[in-house]
Amino acid sequence: MDELDDTAEAIRRHMEQVDGARDLAYKRSRSLIALCARSIRAIHREEWTAAEALLAEARAATDDLVSGVRGYPELYFAGYTQDAVKEFVEGNLVYAMVRNQPLPPPEALGAEPNTWLNGLAVAASELRRRILDLLRHGQTEEAERLLDAMDHIYSTLVTFDFADQITGGLRRRTDALRAVFERTNGDVANSIRSSR
């Protein structure tokens, strides 16, 4: 039975390493989510320099988070890790759409494809706030451009008809995006009608 004691001790040491990596990943994920929220707030306020600095800081935080769990698939694919990466994707995609720049692909953001798609869905929903701000300032052409982007994103996401285990819950986010798009489309149409 000596081999049992040796094996159990080796497993215990491994689990202690995983547990330490998990604690650190959880703290890093919370910090990353806060950075991304601040970057999106800066984008909505058109504080471009601050938004860019926060997104750069978020990139470093994402790299730290992912490198700390890369060797532990159970942590890398854990909800809190992928949710934090999704927030990073969201911030970058919101910035790109608002600034009318190309969308960075998953590999440029260090994201899994399903995490990127979920970040895209949330980013498209986030455009509602920007569109309403634009309408309040009479910038209907830019509001329509972003509404068209929302529509294009929804039309693309709805084609990913795979099980939730593969998409990471994309269907639910796509349904939520549809509701946001429909409300926003109505708001834009009413605003244009009123201005005429």
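Go through (i) 56, 39, 33; (ii) 46, 36, 31; (iii) 86, 38, 21 and flag the label whose value is the computed Cα extents along the principal axes in Å for this structure. Here the calculated entry is (iii). A Förster radius of 30 Å combined with the Cβ-Cβ distance from Glu144 to Asp63 puts the calculated FRET efficiency at roughly 0.25.
Straightening the chain between His14 and Glu52 buys 9.8 nm, computed as 0.36 nm per residue apart minus the Cα-Cα spacing. Simple rule: put +1 on each Lys or Arg Cβ and -1 on each Asp or Glu Cβ in the range 37-196, find the dipole, and look at Ala108, His44, Gly68; the Cα lying farthest toward the positive end is His44. When you restrict to C-alpha pairs under 8 Å that are six or more residues apart and normalise by the size of the range 1-61, the relative contact order lands at 28 percent. Using a Gaussian network model of the chain whose springs link C-alpha atoms within less than 10 Å, name the residue from Gly169, Gly110, Gly20 with the highest mean-square fluctuation. Result for the chain, Cα springs under 10 Å: Gly20 fluctuates most.
Dividing the mean sequence gap of close Cα pairs (under 8 Å, 6+ apart) by how many residues the chain holds gives a relative contact order of 17 percent. Relative to the longest principal Cα axis of the chain, at what angle does helix 170-195 sit, 0 to 90 degrees, rounded to 10? The angle comes out near 20 degrees. Among the chymotrypsin sites (Phe, Trp or Tyr not before Pro) within the range 146-196, those in coil by DSSP and having at most 12 neighbouring Cβ atoms inside 10 Å are Phe162. The H on the amide N of Phe160, modeled in the peptide plane, is under 5 Å from the matching H of no residue at least 5 residues off or on a different chain. Within the listed set His152, His44, His137, the Gaussian network model of the chain (springs between alpha-carbon atoms below 10 Å) gives the highest mean-square fluctuation for His137. In sequence order, the range 96-103 has phi-based couplings of 4, 5, 5, 8, 6, 10, x, 6 Hz under the Karplus curve 6.51 cos²θ - 1.76 cosθ + 1.60, θ = phi - 60°, and Gly or Pro positions carry x.
With all protein chains in place and a 1.4 Å probe, the accessible surface of the range 1-113 carries 52 percent carbon and sulfur. Looking at the range 55-153, the trypsin sites (Lys or Arg not before Pro) that sit in a DSSP loop and have at most 15 other Cβ atoms within 10 Å of their own Cβ are Arg70, Arg99. Using 0.36 nm per residue and subtracting the Cα-Cα separation, the extra length available between Arg178 and Asp133 on full extension is 14.2 nm. Rolling a 1.4 Å probe across the protein heavy atoms gives the chain an accessible surface of 55 Å² per residue. When only alpha carbons are used to place a centre, the range 1-34 and the range 126-179 end up 39 Å from one another. Computed from backbone phi with θ = phi - 60° and the Karplus coefficients 6.51, -1.76 and 1.60, the 3J(HN,Hα) list for the range 78-85 is 5, x, 5, 5, 5, 5, 5, 5 Hz; x is used for glycine and proline. Rounded to the nearest 0.05, what FRET efficiency do Ser31 and Thr7 give with R0 = 35 Å and r taken as the Cβ-Cβ distance? Could you check? Calculated value: 0.45. Among Val98, Val66, Val18, determine the one that fluctuates most according to a GNM of the chain built with springs between C-alpha atoms less than 10 Å apart. Of Val98, Val66, Val18, the Gaussian network model singles out Val18 as fluctuating most.
Round to the nearest 10 and give me the degree value, 0 to 90, for the angle of helix 48-69's Cα axis relative to the longest principal axis of the chain. Helix 48-69 sits at roughly 30 degrees to that axis.
The values are calculated or read from the model by the stated rules, or taken from the named source; none is laboratory data. These figures come from a predicted structure and were not determined experimentally. Cβ atoms come from the backbone with ideal geometry, glycine included; neighbour counts cover every protein chain shown. These area figures cover heavy atoms from the full protein model, side chains too; ligands, DNA and RNA do not enter into them. Shrake-Rupley method; radii C 1.70, N 1.55, O 1.52, S 1.80 Å.
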